[in-house]
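The structure under discussion appears below in the form of structure tokens.
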Amino acid sequence: MMGVWFEDDPRLAVIGKRLSKVRHVIPVMSSKGGVGKTLISCMLALALSDSGFKVGLLDLDVTNPTAHVVLGVSVGSTLPEEEKGVVPPEVGGVKFMSVAYYSGENPLPLRGWEVENVVREVLAVTIWGELDYLIVDTPPGIRDEALDVIKYFRGCRPAIVTTPSPLTLVSVRRLARVVSESVGCGYLIENMGGSKPSERVSSIAREFGLKYLGTVRFDGSVDSAVGDLGRLKATGMYADVRGVAERLAEDLSG
Amino acid sequence: MHEWALAEAVVEYVRRVAGGGAIAKLTLGLGELQAIDEEVFKFALRELFKEYGIEVRELRIEHEECLLKCRACGHVWRLKDANLEEDVREAIHFVPEVIHSYLRCPKCGSRDFEVIGGRGVSVKEVVKA
């Protein structure tokens, strides 16, 4: 039998094994950029870890990874260990994997199939071990990484992040539709919202059968806390994300 | 031993397509870009096939030269001609696409190029016994 490069890719055969001890995969997705998805992803991972869960965080924003900046990881001096694969270093109790360990702060311009190649490579060689939660930060939009997440993380529960802005809401309905059609379940998190859930966002959750996990209020102090885990955890945003994490864990405990 | 993880992928693939029986011939491609340590890779393959009780009677490794083609100007060049530092080669070893972070077309300077051959590990042929 002759192998055809992309269809008969041996890496695809091992991805399921790499994720076999991961109980829940939560891809954090958004339809628009700038909604705070990376901050939410990082804080969600840290909050779940603080609650005693074993947590991994994968930055799958392949061409523009920034989760390491939020976590204060110096990608120039930190590298995953090699042990029959690549073992992600622990940051604040979270196993953290990113292409930035290898691309540094350099640009990484890639075409679609090259992005998929990176996703396959990372999923095939990363040794997560036993995890309660794997949080996956994805780039905005419904393109390669988002589609790969749905394709490779069977049984995942995507968490869509949106703001209450009317512009964002138009596009979040598109993503919610894709998630609803292809996964069948998932979550909605309202970021930069008010103290109460907005009807506009919660109605989208109802329309597409997604569970509304709560609102995370705008917090102007977060930018100055980026890169410092202690200060990040002292922000109002982190307190709100802890609430989101508790509701997520509660929903998945049943 | 990152090679181990890729060897595991090959073994899982062979188990899947060949159903676990003996293999008369397995041909693998090793692309120059990923710079896989062939001895370590073959050692891992032997150990893993043994673990799964799969006999591979002939293992062939084909080395593939890495060629790059600029999408902006069409220039084709060889990885051999690029002068890459050791730490960059190490990074590329783990995720070959990060070559776009460190290399540009020698003719026009664009990073928009493609690897047209010799990227990484591939399965060329599996012949069941």
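The values are calculated or read from the model by the stated rules, or taken from the named source; none is laboratory data. Not measured: the values here are computed from a predicted model. As a convention, Cβ positions derive from the backbone with ideal geometry for all residues, glycine included, and neighbour counts pool all protein chains shown. Only protein heavy atoms, including side chains, enter the accessible area calculation; ligands, DNA and RNA are left aside. Shrake-Rupley method; radii C 1.70, N 1.55, O 1.52, S 1.80 Å.
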**OP:** Count, please, the residues in region B:1-31 that happen to be within 14 Å of residue B:54 (Cβ to Cβ) and small (Gly, Ala, Ser).
**Re:** 7
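Evaluate region B:18-27: report whether one residue or more is assigned to a helix (DSSP H, G or I) and either within 12 Å of another protein chain (Cβ to nearest Cβ) or modelled with pLDDT under 95 (or both).
As a first pass, look at region B:18-27 and keep what is assigned to a helix (DSSP H, G or I): B:18.
Those left that are additionally either within 12 Å of another protein chain (Cβ to nearest Cβ) or modelled with pLDDT under 95 (or both): B:18.
Checked region B:18-27: at least one residue is assigned to a helix (DSSP H, G or I) and either within 12 Å of another protein chain (Cβ to nearest Cβ) or modelled with pLDDT under 95 (or both).
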Original post:
Looking at (1) in a loop (DSSP other than H, G, I, E, B); (2) buried (at least 22 other Cβ atoms within 10 Å of the Cβ); (3) of a type outside the set (Gly, Ala, Ser), can you tell me which one residue A:197 breaks?
Top reply: (2)
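Give A:175, A:167 a once-over and let me know the one that is in contact (Cβ under 8 Å) with a residue 60 or more places away in the chain, in a helix (DSSP H, G or I), of a type in the set (A, V, I, L, M, F, W, C) and crowded, with 22+ Cβ neighbours inside 10 Å. Even if it seems obvious, please write down each step before you answer.
Values: A:167 fails: crowded, with 22+ Cβ neighbours inside 10 Å.
Criteria check complete, one pass: A:175.
Could you list, in sequence order, the residues of region A:178-194 that are surrounded by fewer than 18 Cβ atoms within 10 Å (Cβ to Cβ) and outside any helix (DSSP H, G or I)? Steps first, answer last, please.
So the first thing to find is which residues in region A:178-194 are surrounded by fewer than 18 Cβ atoms within 10 Å (Cβ to Cβ), and the list is A:180-182, A:184-185, A:194.
A:184, A:185, A:194, listed by residue number.
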**OP:** Confirm whether residue A:115 is part of a helix (DSSP H, G or I) and at the interface with chain B (Cβ under 9 Å from one of its Cβ atoms).
**Re:** yes
**OP:** Test each condition in (1) part of a loop (DSSP other than H, G, I, E, B); (2) at pLDDT 95 or above for residue A:70 and report the one that comes out false.
**Re:** (1)
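Hey, does region A:23-44 have a residue that's over 29 Å from residue B:26 (Cβ atoms), within 11 Å of chain B (Cβ to nearest Cβ) and β-branched (Val, Ile, Thr)? If you could, list the steps in order and put the result at the bottom.
Our first condition is that a residue be over 29 Å from residue B:26 (Cβ atoms); within region A:23-44, this holds for A:23-44.
After this cut, where a residue has to be within 11 Å of chain B (Cβ to nearest Cβ) as well, the list is none.
Within region A:23-44, none of the residues are over 29 Å from residue B:26 (Cβ atoms), within 11 Å of chain B (Cβ to nearest Cβ) and β-branched (Val, Ile, Thr).
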**OP:** Within region A:123-132, work out how many residues are under 15 Å from the mean Cα position of the chain (by Cα) and open to solvent by 10 Å² or more (accessible area, probe 1.4 Å).
**Re:** 1
**OP:** For residue B:32, state whether it is facing chain A (nearest Cβ under 9 Å) and either without any contact (Cβ under 8 Å) to a residue 40 or more places away in the chain or not hydrophobic (A, V, I, L, M, F, W, C) (or both).
**Re:** no
**OP:** Residue by residue through region A:74-103, note down the ones that are open to solvent by 20 Å² or more (accessible area, probe 1.4 Å) and assigned to a loop (DSSP other than H, G, I, E, B).
**Re:** A:74, A:76, A:77, A:78, A:79, A:83, A:84, A:89, A:92, A:93
Original post:
Pick from B:69, B:50: which is surrounded by 14 or more Cβ atoms within 10 Å (Cβ to Cβ) and either at negative phi or out of contact with any Phe, Trp or Tyr (no Cβ under 8 Å at 6 or more places or on another chain) (or both)?
Top reply: B:69
Subject >> Of residues in region B:1-46 being open to solvent by 30 Å² or more (accessible area, probe 1.4 Å) and acidic (Asp, Glu), the one nearest to the chain's Cα centre (by Cα) >> reply: B:32
Subject >> Residues satisfying the stated conditions in region A:136-145, i.e. open to solvent by 10 Å² or more (accessible area, probe 1.4 Å) and assigned to a loop (DSSP other than H, G, I, E, B) >> reply: A:139, A:140, A:141, A:142, A:143
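From the list A:136, A:94, exactly one residue is touching a residue at least 12 places away in the same chain (Cβ under 8 Å) and closer than 25 Å to residue B:99 by Cα. Which is it? Break it down into steps so the answer makes sense when it comes.
Numbers: A:94 fails: closer than 25 Å to residue B:99 by Cα.
Selected residue: A:136, the only one of A:136, A:94 that is touching a residue at least 12 places away in the same chain (Cβ under 8 Å) and closer than 25 Å to residue B:99 by Cα.
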**OP:** Select from region A:1-55 the residues that are surrounded by fewer than 19 Cβ atoms within 10 Å (Cβ to Cβ), closer than 30 Å to residue A:234 by Cβ and at pLDDT below 95 and list them in ascending order.
**Re:** A:33, A:34
Subject >> Residues within region B:108-124 that are within 8 Å of chain A (Cβ to nearest Cβ) and among the aromatic types (Phe, Trp, Tyr), tallied >> reply: 0
Original post:
Of all the residues that make up region A:146-164, how many are more than 22 Å from residue A:20 (Cβ to Cβ), touching a residue at least 12 places away in the same chain (Cβ under 8 Å) and in a helix (DSSP H, G or I)?
Top reply: 1
**OP:** Being part of a loop (DSSP other than H, G, I, E, B) and aromatic (Phe, Trp, Tyr) is the filter here, so list the residues in region B:34-71 that pass it.
**Re:** B:52
